[in-house]
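> One structure is given below, represented as structure tokens, and several questions about it will come after.
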Amino acid sequence: MKARACIRKEYGVIFLSLALFVLIYVLRNMDVLEFPHKVNSIIIVPRVFTDPDMNRSFCNFQPLSREEALEERFLLDSIAWPETPLVSLEQTSDPAHSNFTILPARGGGQWHVGDQLEVMIQMSDFKGRPRKSGGDFLLARLHNRKIGAGVVGQVVDHLNGSYSAVFSLLWDGGAQVEVTLVHPVEVIPVLNRLNSEQPDRIYFNSLFRSGSVSETSICNVCLHPTQPLCNFTDVRTGEPWFCYKPKSLSCDARVNHAMGSYKENIKAEEKKLFQSGVNLKVYMRSSGPASVTVLPQKEDLKEFDLHSPEKAGPYMSLDYANNILLTSRFHGPPIRIVVVSASQLRYIANEIDGLIGGTNTVVVFGIWAHFGTFPMEIYIRRLQSIRRAVVRLLDRAPGTLVVIRTGNPKALSLTISLTNSDWHSWQCNKVLRAVFKGLNVHLIDAWEMTLAHHLPHDLHPAPPIIKNMVNVLLSYMCPQKGV
């Protein structure tokens, strides 16, 4: 019996060793695993752009729990994009040679409110040759400027150079289709490479001062360790932030945070992919009518002045008569706007942890635009930190209303595309929805509200769009009785 027990023990050790070997092999090669996605019966097998070990020597990520690490991996896989190598400009998608076609109403009849409108999109290159692969970043909307109505189309990539856009018909009258090529697919690897290899291409400054001695130092989420660093990582959330240590001052002498500058590290051939009016956020033409007439729905079918810096805050307003206090401030670094006092830098998670909460408390936050030059892991981890704080808030005060504003499309130039592309914002929105899925939170879909509107895209949307966002917020705060 002892001999058999020893044999079983030896086999157990062998099997355990083999299992560990397989696990290590899988973990070391996860970056080359492919994950199938199904879209309209077409199998998409994109290569994941992320490597679990990427930037480890450059960006100092805090260790994650097993659950959070698995979630991060799942989120990165969920936003994976088809990879296409850089080719000559003439082989990329040209909106001037591409077009869209409105498909007939189902049954050959007319469109009514409540129906769906479908549009087919065919991409061609600069020589007019149909593209044979997908991955272009397209936006579509249906609108009526006269009545101020609009709706976003859901774009489906068929991975063969053709796309579909489906719109819900929400009003009667005229409806104009608009399809925009934001980026050809060849842009995506460029943006991913820049965020992976050069997350410090937008850099920040902090002033350090002691008495009459002052120095300015470069700061960022990720810094090359070419000289000693000051570690300003938040002790509660673990959000990383570093500055190069001043030559003659201590790290404790930090006074403020400010936007530094931007380094445009892009190759000449890649620069051709970001030409305004050519292939950067350009409207496409229709091969036939670009508008339809929709009939009505068929019957039977049913401030105190805190002397705060402009844009950064903090701000405070008080409605004394109605016992309403409104406070607002910018999220923690990275912040690209005006100079901000270091003592006023606040992380969203810490601010939420400081709230009592309850049925008379409303929390609204948005975070996305200033993360456009960093690896997606940094944004994911910031959201995970905020989610933990939201969970704690809702546990201690379940009646608290939490509302999240998504990112929105904006006017694009070469510089903006390389630092805050609509594609990156769209990716951030997808990650944000996944991170907060299942929690008792509400969304203000700024992306769709901006895209559906006839006004030009802007990082800071025009007042009519902001008014629509406020109305949505108020509908969460003061819902109609019986609704």
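The values are calculated or read from the model by the stated rules, or taken from the named source; none is laboratory data. The structure displayed is predicted, hence computed values, not measured ones. For neighbour counting, all protein chains shown are included, and Cβ atoms are generated from backbone atoms with ideal geometry for every residue, glycine included. Heavy atoms of the whole protein, side chains included, go into the accessibility calculation; ligands, DNA and RNA do not. Shrake-Rupley method; radii C 1.70, N 1.55, O 1.52, S 1.80 Å.
> Could you order Phe100, Phe126 by accessible surface area, starting with the largest, using a probe radius of 1.4 Å? If you can, show how the numbers build up before the last one.
Values: Phe100 5, Phe126 55 Å².
So the residues, ranked largest to smallest area, are Phe126, Phe100.
> Could you bin all the Cα-Cα distances of the range 219-304 into 10 Å bins starting at 0 and give me the percent of pairs in each, rounded to whole numbers?
11, 21, 15, 16, 14, 13, 7, 1
> Moving to a separate point now. Please calculate how many Å² of accessible area the chain carries per residue, with a 1.4 Å probe and no DNA, RNA or ligand atoms counted.
Working: 25180 Å² over 483 residues.
The answer is 52 Å² per residue.
> Let me ask something additional. Please say if the range 305-417 is rounded, prolate or oblate, where rounded means a/c under 1.5 for a ≥ b ≥ c the square roots of the C-alpha gyration tensor eigenvalues, and otherwise the choice is prolate for a/b larger than b/c and oblate otherwise?
Values: a/c = 1.93, a/b = 1.33, b/c = 1.45.
Oblate.
> How large, in percent, is the carbon and sulfur part of the accessible surface of the chain at a probe radius of 1.4 Å? Let's see the in-between values first.
Details: 14120 of 25180 Å².
C and S atoms contribute 56 percent here.
> For Val441, Val255, Val187, give me the order by solvent-accessible area with a 1.4 Å probe, most accessible first, ignoring ligands, DNA and RNA. All intermediate terms of the calculation are to be shown ahead of the outcome.
Details: Val441 30, Val255 50, Val187 0 Å².
Heavy-atom accessible area, descending, gives Val255, Val441, Val187.
> In the set (1) 21.9, 72; (2) 25.7, 89; (3) 23.4, 80, which value of Rg and Dmax of the Cα atoms in Å was calculated from the structure you see?
(2)
> Now for a different question. Put +1 on the Cβ of every Lys and Arg and -1 on every Asp and Glu Cβ in the range 150-249; which of Gly153, Pro199, Val213 then has its Cα farthest towards the positive end of the dipole?
Val213
> In square nanometres, what is the average projected area of the Cα convex hull of the range 82-141?
Numbers: hull surface 22.5 nm².
Dividing the Cα hull surface by four gives the mean projection, 5.6 nm².
> Net charge around Leu326, counting only other residues with Cβ within less than 12 Å of its Cβ (Lys, Arg = +1; Asp, Glu = -1)?
On the way: positive: Arg329; negative: Glu303, Asp319.
So the environment of Leu326 carries a net charge of -1.
> Stokes-Einstein D for the range 256-313 at 37 °C, 0.692 mPa s, Kirkwood Rh over Cα pairs, in µm²/s?
My calculation gives 173 µm²/s for D.
> With +1 on each Lys and Arg Cβ and -1 on each Asp and Glu Cβ, and nothing else charged, work out how big the dipole of the range 258-380 is about its Cα centre, in Debye to the nearest 20. Walk me through the numbers on the way to the answer.
Working: 12 positive and 12 negative charges, 129 e Å.
Charge dipole of the range 258-380: 620 debye, to the nearest 20.
> Of Lys281/Lys437; Lys247/Lys311; Lys132/Lys271, which ones are farther than 25 Å apart at the Cα? Mind showing how you got there, number by number?
Working: Lys281/Lys437 30 Å; Lys247/Lys311 32 Å; Lys132/Lys271 23 Å.
From the list (Lys281/Lys437; Lys247/Lys311; Lys132/Lys271), the Cα-Cα distance tops 25 Å for Lys281/Lys437; Lys247/Lys311.
> Would you be so kind as to identify which of Phe58, Leu170, Gly114 lies farthest towards the positive end of the dipole of the chain, taking Lys and Arg as +1 and Asp and Glu as -1 on Cβ and the Cα centre as origin?
Phe58
> Another one. For the range 80-128 and the range 282-348, what is the separation of their C-alpha centers, rounded to whole Å?
31 Å
> Another question, then. Of all DSSP beta bridges located in the chain, what percent are antiparallel, nearest 5?
Numbers: 63 of 75 bridges.
If we restrict to bridges inside the chain, about 85 percent are antiparallel.
> Could you check the spin-label model distance between Phe74 and Ser210? Points 7 Å from the Cα along Cα→Cβ, value in nm.
Here the answer is 4.8 nm between the modelled labels.
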